[in-house]
Amino acid sequence: MTAKPTPGYFPLLDGLRAVAVAGVLLSHFSPTVASQVDVGGLGVQLFFVLSGFLITGLLLDARGRIDEGTGSIRAEWKLFLVRRTLRIFPLYYGVLVLGFIFNVEHVRIAAPWLFTYSYNFRIWLAGGWPDRLLAHFWSLAVEEQFYLLWPWLVLCTPRRALPWVMLGFLPVALAFRFACNLGEFGPPLGQVVLLPACWDLLAAGGLMALARHRGWTASPSAGKLLKIVFIVGLCGLALGIWLHADKIGPSPIGRLRYTFDALCFAVLIHACANDRIPMLRWILGCPVLVYLGRISYGIYVFHNFMHYYGPGLSRRLIGIRYFSHEWEHVAWLSSCTLAAAALSYHFYERPWLNLKRRWSLPAPGAIAVPMPAPSRKVST
């Protein structure tokens with residue numbers, strides 16, 4: 001088997017993570033921004049496409065080892081889940097345990113949904129957002145459900161059928177959102193928070209990883225096609241924003257926009273992974289953005305809690321609970337979030353991440369994985 005480039009660590013993708021999480025912070029901390037553009041929704045969609053790209057790349061490496069006889073489905077699946085668990089579970093469950101210790105009512109009430117990564121179903125069944133404190137955990141539930149299902153598809157689907165199966169998730173997701181909008185699957189909010197509604201975002205990233213892995217993106221004709229896809233996706237994204245179609249309502253553009261976003265973001269991720277566009281390197285390669293992207297998981301987990309605890313902290317420190325100007329309040333809540341995420345990453349998450357070395361990839365032999373960046377740190 002010929003060695004193909006697969007996702008490893010790409011600094012520009014950490015820069016993209018920083019941009020995505022910044023959109024979430026702006027959307028949740030600034031009522032003015034939230035009323036104009038759903039930058040938070042766009043940020044979450046970008047996270048999903050990134051996840052599909054990186055996770056599929058790791059699984060395709062595993063699939064290569066299986067095809068070469070140096071790995072087995074069971075061993076690769078176990079390796080994948082253990083490494084994902086060490087990255088995701090410690091912070092997530094640590095926050096939930098703290099919620100119980102400090103008797104946070106929201107956590108106690110929603111505990112069965114939170115501890116089983118099914119909080120998106122609670123939101124769907126409620127037909128709305130039960131509480132502000134935990135609302136963002138729906139996307140973490142979708143991610144975990146994706147982690148449980150996607151490895152079987154990538155590791156077990158016949159090689160020739162895999163691209164078509166991944167491609168099929170795009171119309172499936174679109175059809176599911178239309179059906180949810182018509183009330184065929186309960187409350188319409190299912191078109192946002194349920195895994196089938198996000199399949200096109202996740203699968204678009206997966207398709208881009210597969211195309212890179214098999215060398216399909218290297219030809220000039222593929223480059224032209226990717227430009228067309230990016231332009232079409234960008235136009236659809238812009239149209240959806242202009243029409244405010246991201247809101248839950250009858251507009252069919254709102255159902256289509258996720259797919260346009262998925263295409264646009266997938267090509268953008270491919271460009272960042274290639275690292276051949278100076279402007280992207282200059283913007284997304286900024287050390288500050290790369291660092292913020294590295295701690296973006298903690299930023300996302302902690303940010304909603306700052307609505308409750310940020311004002312109390314400011315009252316103790318400077319004697320005022322709320323600032324007179326909105327952007328002062330946004331800056332304060334953002335600073336608290338970044339501080340919490342940085343402390344968590346360096347003093348709590350990194351010891352867990354270091355345990356991943358005990359579950360490292362098999363010794364090279366079946367597949368060589370060329371990295372476009374000098375760093376060997378894992379970004380997933």
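Numbers below:
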| quantity | calculated |
| --- | --- |
| Pairs where the first residue, in region 150-163, is under 15 Å from ILE66 (Cα atoms) and of a type in the set (D, E, K, R) and the second is modelled with pLDDT under 95 and exposed (fewer than 15 other Cβ atoms within 10 Å of the Cβ), C-beta under 8 Å, 6+ apart | ARG159/ASP67 |
| Region 271-281, residues that are touching a residue at least 24 places away in the same chain (Cβ under 8 Å) and part of a loop (DSSP other than H, G, I, E, B) | ASP275 |
| Top-ranked residue in region 180-221 [being surrounded by fewer than 19 Cβ atoms within 10 Å (Cβ to Cβ) and aromatic (Phe, Trp, Tyr); ranked as nearest to ASP61 (Cα to Cα)] | TRP216 |
| Qualifying helices (runs of 4 or more DSSP H) (wholly inside region 282-355; at least 3 residues being more than 21 Å from the chain's Cα centre (by Cα), of a type outside the set (Phe, Trp, Tyr) and farther than 28 Å from ALA141 by Cβ) | 306-318, 326-344 |
| The one condition in (1) farther than 29 Å from ARG74 by Cα; (2) aromatic (Phe, Trp, Tyr); (3) not in a loop (DSSP other than H, G, I, E, B) that TRP152 fails to fulfil | (1) |
| Residue under evaluation LEU98, criteria (1) surrounded by 14 or more Cβ atoms within 10 Å (Cβ to Cβ); (2) more than 22 Å from the chain's Cα centre (by Cα), criterion not met | (1) |
| Among residues of region 170-186, those that are part of a helix (DSSP H, G or I) and touching a residue at least 60 places away in the same chain (Cβ under 8 Å), counted | 6 |
| Top-ranked residue in region 187-238 [being assigned to a loop (DSSP other than H, G, I, E, B) and touching a residue at least 24 places away in the same chain (Cβ under 8 Å); ranked as nearest to TYR119 (Cα to Cα)] | LEU194 |
| Failed criterion for VAL107 (all others in (1) of a type in the set (Val, Ile, Thr); (2) out of contact with any Phe, Trp or Tyr (no Cβ under 8 Å at 6 or more places or on another chain); (3) modelled with pLDDT under 95 hold) | (2) |
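The values are calculated or read from the model by the stated rules, or taken from the named source; none is laboratory data. Everything numeric here is computed off the predicted structure, so don't read it as measured data. Note: ideal-geometry Cβ built from the backbone for every residue, glycine included; neighbour counts use all protein chains shown.
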